[in-house]
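The values are calculated or read from the model by the stated rules, or taken from the named source; none is laboratory data. As the structure is a prediction and not an experimental result, all values here were calculated from the model. Positions of Cβ are backbone-derived with ideal geometry, glycine not excepted, and every protein chain shown enters the neighbour counts.
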Amino acid sequence: MEFVVCVAVNIPCAALGLVINLFYIFCLIFPLGQTINIKQPLSTLLVLMIFCTSLFQVSLILHLSLGISVASWNFKHAAQVFMFYAVRVSIPTTLWLNICYCIQIVPSRMTFFTWLKRNIRIVVYLFVIFTKIYFLVYFILEYISVYGLTLDTFGVNSTAEYSEGIDGASRIQLNQFLDVLDAVTMALVFMALTAMLGVTSTTVCYLYQHIKKMTASGTSIHSQVLRNQVRVTITGVVQGLLYLLCSMGMFLDLYCTYHKYKCDWNVLWTIFCVYSLAATLNLGVGQSQFRQRIAQLWRKASSEYDSRLMASTGPGILLARQMNH
């Protein structure tokens with residue numbers, strides 16, 4: 001993919017996603033009814049999801065802007081490494097969101113799931129803290145290791161200057177340790193993808209069987225609770241598909257990094273950008289807090305428009321417009 005095409009596609013998408021995330025932040029700070037009806041740990045995961053996707057979108061805009069500027073290579077590479085860090089830290093948050101949805105919908109019939117449902121808060125906090133620290137260490141070491149690599153690895157025909165205070169033996173050990181981290185990260189991404197597909201499939205199968213039983217018994221399937229469960233399940237399925245897309249990009253990134261292959265980074269950035277924007281939109285569909293705020297703003301804007309229309313054209317035009325609708 002040409003860099004110009006990458007910039008033309010990704011910067012508007014990232015900017016749109018960032019604006020939507022800012023709207024979500026506004027909804028969380030100023031909720032309808034003065035209180036947020038989202039229990040822990042779901043509220044923490046929502047905040048982390050919004051923060052991680054916003055972090056990636058800001059870093060992507062910064063990185064692509066630096067690509068068309070005269071900034072130093074080290075600064076550009078730092079922005080690139082930070083961008084991949086933002087993608088990686090968002091993966092566990094997405095997974096645990098779907099796990100929380102599954103636990104809320106599917107009854108606990110096994111001992112492990114009963115225990116997980118009782119201790120979901122502490123388990124989520126521990127896993128989120130662990131993954132954030134793990135990828136932060138990964139980010140720091142990956143940035144330091146660039147001083148032991150040649151720029152030819154990234155398609156540039158020159159050699160990076162070695163950083164002071166890092167000798168050759170230490171640099172080799174650091175790169176070997178990073179190779180281990182690459183392998184561990186690939187394993188973690190594969191395990192997370194398997195868990196995501198398993199959790200999503202479990203929720204879909206349970207709801208399908210539940211609706212089938214309700215239909216057979218003549219029970220109404222139009223209850224608000226069931227509609228909410230179906231909507232959350234659909235958003236979970238969409239998130240699982242997006243997760244699969246993002247995982248493919250991460251596998252490609254880690255595989256090329258591990259084997260020191262050249263990779264079309266523009267394609268990877270586009271994959272991650274599409275994932276972040278789609279995940280942001282999907283988050284708004286799944287959470288009533290955001291949908292209700294959008295509906296309120298729409299009604300307010302429509303009322304304001306109607307009042308201005310009536311003031312300028314008279315009540316007859318407004319009445320005709322309402323009859324047409």
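Things worth noting here:
- Checked against (1) in contact (Cβ under 8 Å) with a residue 60 or more places away in the chain; (2) loosely packed, with under 14 Cβ neighbours inside 10 Å; (3) not in a loop (DSSP other than H, G, I, E, B), F75 passes all but condition (1).
- In the stretch 170-191, the condition of being among the basic types (K, R) and crowded, with 16+ Cβ neighbours inside 10 Å is met by at least one residue.
- Scanning the stretch 109-137 for residues that are at pLDDT below 85 and either closer than 22 Å to V189 by Cα or surrounded by 14 or more Cβ atoms within 10 Å (Cβ to Cβ) (or both) yields one hit, F113.
- Annotation note: of V285, V274, the sole residue that is in contact with a Ser or Thr (Cβ under 9 Å, 6 or more places away or on another chain), modelled with pLDDT of 85 or more and surrounded by fewer than 19 Cβ atoms within 10 Å (Cβ to Cβ) is V285.
- Look at the stretch 130-142: where a residue is among the acidic types (D, E) and a partner is assigned to a helix (DSSP H, G or I) and buried (at least 17 other Cβ atoms within 10 Å of the Cβ), sitting 6+ places away or on another chain with Cβ atoms under 9 Å, you get E142/V81; E142/F84; E142/Y85; E142/L178; E142/L181; E142/T257.
- Every test in (1) farther than 24 Å from H63 by Cβ; (2) without any contact (Cβ under 8 Å) to a residue 12 or more places away in the chain; (3) in a helix (DSSP H, G or I) is passed by G236 save one, and that test is (2).
- The one condition from (1) modelled with pLDDT of 85 or more; (2) over 25 Å from I129 (Cα atoms) that L32 does not meet is (1).
- Those residues of the stretch 177-231 which are modelled with pLDDT under 85 and aromatic (F, W, Y), in sequence order: F177
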